1. Checking the conditions here, which among K68, K61, K81, K72 is surrounded by 11 or more Cβ atoms within 10 Å (Cβ to Cβ), over 15 Å from the mean Cα position of the chain (by Cα) and under 29 Å from P41 (Cα atoms)?
2. Mind listing whichever residues of segment 51-70 are part of a strand (DSSP E or B) and not small (G, A, S)?
3. In segment 12-58, what residues are surrounded by 16 or more Cβ atoms within 10 Å (Cβ to Cβ), under 26 Å from K81 (Cα atoms) and more than 11 Å from the chain's Cα centre (by Cα)?
Amino acid sequence: MRFIRIKDKIQPMKYAVIQMQGHQYLVKEKQTIQVDKLADPKKPEFDVLLVVDEKKISVGKPFVKGAKITLKVIDEVVKGKKVEVFKYKSKSRYRKRKGFRPKYSNIFINTISA
């Protein structure tokens, strides 16, 4: 069993693994996560793969039935840091430089229940 320390009180951890847009995220209650830009921010779609609630562990086959996670979209679109792509070939003066800024959405996890 895993524990988390909050203001000198040891409390059992409650967390889950969710799958959203092909990526898996480990989420805890009252946590903000950054995911790829959501197609529909009003109604984000996700599947729950694992729920750990103190001593009870629920593993999905492939998804946990009856698991409920409430979340709230804080920011619909946030730009990330610039990613630079640089191609280079020696002795031929070939240089290509490209860059882009990925777009993310910030999500706040309210509650987790199995």
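1. On the way: K61 fails: surrounded by 11 or more Cβ atoms within 10 Å (Cβ to Cβ); K81 fails: surrounded by 11 or more Cβ atoms within 10 Å (Cβ to Cβ); K72 fails: over 15 Å from the mean Cα position of the chain (by Cα).
K68 is the lone residue from the list that is surrounded by 11 or more Cβ atoms within 10 Å (Cβ to Cβ), over 15 Å from the mean Cα position of the chain (by Cα) and under 29 Å from P41 (Cα atoms).
2. Going residue by residue through segment 51-70, those that are part of a strand (DSSP E or B) are 51-53, 56-59, 68-70.
Correct list: V51, V52, D53, K56, I57, V59, K68, I69, T70.
3. Matches in segment 12-58: L38, P44.
Every residue, every condition in (1) in a strand (DSSP E or B); (2) among the aromatic types (F, W, Y); (3) in contact with a strand residue (DSSP E or B) (Cβ under 7 Å, 6 or more places away or on another chain); (4) in contact (Cβ under 8 Å) with a residue 40 or more places away in the chain, yes or no:
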| site | (1), (2), (3), (4) |
| --- | --- |
| K72 | yes, no, yes, no |
| S92 | no, no, no, no |
| K96 | yes, no, yes, no |
| I107 | yes, no, yes, yes |
| I112 | yes, no, yes, yes |
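Quick note: the coordinates plus some simple rules give every number you see, no bench work behind them. Only a predicted model underlies this, so the values are computations on that prediction, with no experimental measurement involved. Methodologically, a virtual Cβ is constructed for each residue, glycine included, from the backbone with ideal geometry; neighbour enumeration extends over all protein chains shown.
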